[in-house]
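The values are calculated or read from the model by the stated rules, or taken from the named source; none is laboratory data. Please read all numbers here as calculations on a predicted model, not as lab measurements. Cβ sites come from the backbone with ideal geometry, for glycine too, and all protein chains shown count toward neighbours.
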Amino acid sequence: MPEIDLGTTPLRELNAALHRLSPDTNESHWIVDHPEGRHAIAAGLAVPITVEINGPVGYYCAGMNKLATVLIHGSAGVGVAENMMSGFVHVTGDASQSAGATGRGGLLRIDGNASSRCGISMKGIDIVVKGSVGHMSAFMAQAGNLVVFGDAGEALGDSIYEARLFVRGKVKGLGADCIEKEMRDEHKQALHNVLERAGFDGQIDPDEFKRYGSARKLYNFKVDNAGAY
């Protein structure tokens, strides 16, 4: 189990070592100490390893993640798990803006709150936030699921496409073309599946959530809606 102290080892050296790993490596569990908010830690991973980071991280931690499990024991800066393809990223603290932005797959779990634009332009990623999310979350979200245990800020789901948003708390305001939608059995099952993958199996009742999604008026042009474009 390699243990790297970023107080003495350059970040570039750590990331280079992680990028050299092959899928069959026996160095499958890495410990990173004293991250101290450094940017792009464990970005671009493409092998099924686990990286545990003991402390807060800066911008784009675990960005472009593929296959790896990244456990952040602290808070994360802008763009954690940005453009994630697969794997699992878990933030035990809060996350700054644009968490999971443009993510195409995998699962991002945030135990604290997420700031504005959480899940912006998400394209298949699943995001579970135990706290609340800020304004413009799921802006232009195309696919995937955003699950929020707490509240959501202004303009939730603005210009949303086909992503599904599940919020247990209050929504301060919905964005353009985002509406509350019926919570049918298939949606409850989908939510249950995401919660199970995130480690909340049987702990949270899907019936406590409301579902939000696209009214499908903006991306199907109608002249009567021209003023909304």
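Remarks
- Looking only at segment 211-225, and only at residues there that are basic (Lys, Arg) and surrounded by fewer than 18 Cβ atoms within 10 Å (Cβ to Cβ), the one that is modelled with the highest pLDDT: Arg216
- Flag if Phe88 is surrounded by 21 or more Cβ atoms within 10 Å (Cβ to Cβ), among the aromatic types (Phe, Trp, Tyr) and in contact with a Leu (Cβ under 6 Å, 6 or more places away or on another chain): yes
- Only one of the numbered conditions (1) touching a strand residue (DSSP E or B) at 6+ places or on another chain (Cβ under 7 Å); (2) exposed (fewer than 15 other Cβ atoms within 10 Å of the Cβ) is not met by Ala68, and that is (2).
- Taken over segment 173-202, the residue count meeting the criterion of being charged (D, E, K, R) and within 21 Å of the chain's Cα centre (by Cα) is 4.
- Lys130 being surrounded by 15 or more Cβ atoms within 10 Å (Cβ to Cβ), charged (D, E, K, R), in contact with an Asp or Glu (Cβ under 9 Å, 6 or more places away or on another chain) and within 21 Å of Ser86 (Cα to Cα): yes
- Filter result for Ser22 (out of contact with any strand residue (DSSP E or B) (no Cβ under 8 Å at 6 or more places or on another chain) and small (Gly, Ala, Ser)): yes
- Qualifying residue in segment 66-76 (condition: under 11 Å from the mean Cα position of the chain (by Cα) and either over 20 Å from Leu191 (Cα atoms) or part of a loop (DSSP other than H, G, I, E, B) (or both)): no
Conditions (1) over 18 Å from Leu107 (Cα atoms); (2) at pLDDT below 95; (3) part of a loop (DSSP other than H, G, I, E, B), marked per residue:
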| residue | (1), (2), (3) |
| --- | --- |
| Asp158 | yes, no, yes |
| Leu165 | no, no, no |
| Met183 | yes, no, yes |
| Glu186 | yes, no, no |
| Ala190 | no, no, no |
| Val194 | no, no, no |
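- Scanning segment 1-56 for residues that are acidic (Asp, Glu) and part of a loop (DSSP other than H, G, I, E, B) yields Asp24, Glu27, Glu36.
- Which numbered condition Arg109 misses (of (1) within 25 Å of Thr8 (Cα to Cα); (2) not in a loop (DSSP other than H, G, I, E, B)): (1)
- Residue identified as surrounded by 21 or more Cβ atoms within 10 Å (Cβ to Cβ) and within 21 Å of Met1 (Cα to Cα) among Ala114, Ala76, Ala42: Ala42
- When restricted to residues that are touching a Phe, Trp or Tyr at 6+ places or on another chain (Cβ under 9 Å) and closer than 10 Å to Ala43 by Cβ, segment 55-79 contains 3.
- If you go through segment 25-38 and keep only what is touching a strand residue (DSSP E or B) at 6+ places or on another chain (Cβ under 8 Å) and on the phi < 0 side of the Ramachandran plot, you end up with Ser28, His29, Trp30, Ile31, Val32, Asp33, Pro35, Arg38.
- Pro10 vs. criteria touching a strand residue (DSSP E or B) at 6+ places or on another chain (Cβ under 8 Å), more than 19 Å from Met64 (Cβ to Cβ) and without any contact (Cβ under 8 Å) to a residue 60 or more places away in the chain: no
- Enumeration of residues in segment 125-145 that are more than 18 Å from Leu195 (Cβ to Cβ) and out of contact with any Ser or Thr (no Cβ under 8 Å at 6 or more places or on another chain): Ala143
- Of all residues making up segment 68-81, the number that are out of contact with any Cys (no Cβ under 9 Å at 6 or more places or on another chain) and either under 19 Å from Ala198 (Cβ atoms) or among the aromatic types (Phe, Trp, Tyr) (or both): 6
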